[in-house]
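**Q** For reference, the structure I am asking about is given below.
The values are calculated or read from the model by the stated rules, or taken from the named source; none is laboratory data. Please read these numbers as outputs of a predicted model, since none were measured by experiment. Reconstructed Cβ throughout: ideal geometry from the backbone, glycine too, with neighbour counts over all protein chains shown. Side chains included, ligands, DNA and RNA excluded: accessible areas come from the protein's heavy atoms. Shrake-Rupley method; radii C 1.70, N 1.55, O 1.52, S 1.80 Å.
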Amino acid sequence: MRLRALIADDEPLARDRLKLLLSADKDIEIAGECRNGREVIAALKLKPVDVLFLDIQMPGRSGFEVIEQFGSARMPVTVFVTAHNDYAVKAFEVHALDYLTKPVEPERLQTTLLRVRERVASQAALMTQEQLKAVLTTLNNGTVEHGEYPKRLIVHNGPKDSFVNVEEIEWIEAADYYSCLHVGSKNLMLRETIKQLAETLDPRKFVRIHRSAIVNIDHVREILREGRSEGWVVLSGGQRLKMTKIGWQRLLSVSRT
């Protein structure tokens with residue numbers, strides 16, 4: 001399995017050491033190097049990668065701030081590489097796959113790469129299962145008449161409830177047992193999983209393009225393909241969302257109906 005890797009560290013020697021260790025694996029392609037958080041975000045927006053080796057303490061933005069700004073749902077498989085042990089718990093709270101301390105040892109890195117490949121393979125398998133489900137759903141939609149899809153959702157926020165018009169939702173981001181509804185400049189947390197919303201909302205309008213993202217096709221401005229496996233969706237507001245091959249097929253299927 002060939003992997004595209006991005007290395008982010010403000011120390012040139014640390015980047016060189018990691019590149020040297022990764023060069024021993026012929027199936028690893030170094031897609032780029034970044035010296036700070038701003039460069040990481042720019043690189044991730046430019047081209048998707050399979051794995052990101054991310055330093056925590058960098059100028060401009062820390063590794064945690066990179067994830068917060070770019071969005072955990074859009075991040076590739078992330079491995080933190082740092083000289084400090086103090087951030088391990090927080091690293092796994094933001095769903096990092098692994099946590100390496102400097103200087104990185106070759107044996108420890110090989111263990112991490114094995115886990116990276118397992119994660120990438122499991123994601124691909126999950127997408128294949130979802131593709132089969134999507135095909136079966138499409139076939140069923142042709143013979144089974146659905147009831148009304150919801151036009152509004154109720155978002156509970158402390159002592160008050162807010163009504164959200166479904167058509168105003170631009171995209172939906174997975175957040176564990178919640179989903180984040182992106183409505184204009186507002187981000188609203190709904191206590192439903194993205195899987196539940198994918199089964200609830202009108203599939204002719206809301207398409208799951210990634211395991212962590214659903215888009216409202218009325219807000220899709222462009223589709224950027226990256227090879228045969230994945231790409232990006234650009235929304236009317238300028239947001240870029242990662243799209244898998246299955247997500248692209250779903251968008252294509254909906255656009256033809």
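**Q** Separation of the range 19-58 and the range 65-111 by C-alpha centroid, Å?
**A** 12 Å
**Q** Let me cross-check E168: its accessible surface, 1.4 Å probe, with only protein heavy atoms counted, in Å² to the nearest 10?
**A** Only protein atoms counted, so the area is about 90 Å².
**Q** Starting from the amide H of C34, placed 1.01 Å from N in the peptide plane, find each other amide H under 5 Å away whose residue is 5 or more places distant or on another chain.
**A** Those lying under 5 Å, H to H, from C34 are I7, A8, D9.
**Q** Which distance in nm do the two modelled labels at D27 and D176 give, with both placed 7 Å along the Cα-to-Cβ direction?
**A** Each label point is offset 7 Å from its Cα along the Cβ direction, giving 3.3 nm.
**Q** Excluding same-chain residues fewer than 8 positions from K26, which lysines have a Cα within less than 19 Å of its Cα?
**A** Result set, ordered by chain and number: empty.
**Q** Sum up the charges of everything whose Cβ sits under 13 Å from the Cβ of E168, counting Lys and Arg as +1 and Asp and Glu as -1, but leave E168 out.
**A** Summing Lys and Arg as +1 and Asp and Glu as -1 gives +1.
**Q** Taking R0 as 41 Å, what FRET efficiency do you get between L13 and Q249 from their Cβ-Cβ distance, rounded to the nearest 0.05?
**A** It comes out at approximately 0.40.
**Q** What is the sum of charges around A43, taking Lys and Arg as +1, Asp and Glu as -1, for the other residues whose C-beta is under 12 Å from the C-beta of A43?
**A** +3
**Q** Work the Kirkwood hydrodynamic radius out for the range 45-110: mean of 1/r over every pair of different alpha-carbon atoms, inverted, in Å.
**A** In the range 45-110 this quantity evaluates to 12.3 Å.
**Q** Taking only the alpha-carbon atoms of the range 1-108, what semi-axes of the equivalent ellipsoid follow from 5 times the gyration tensor eigenvalues under a square root, in whole Å, largest first?
**A** Equivalent ellipsoid of the range 1-108: 19, 16, 13 Å, largest first.
**Q** Please report, in cubic angstrom per residue, the volume enclosed by the convex hull of the alpha-carbon atoms of the chain.
**A** In the chain, the Cα convex hull volume per residue is 133 Å³.
**Q** Also, I was wondering about something else. Angle between the Cα long axis of helix 245-255 and the longest principal axis of the chain, 0 to 90 degrees, nearest 10?
**A** The answer is roughly 20 degrees.
**Q** Using a probe of 1.4 angstrom, how much of the accessible area of the chain is carbon and sulfur, in percent?
**A** Its accessible area is 51 percent carbon and sulfur atoms.
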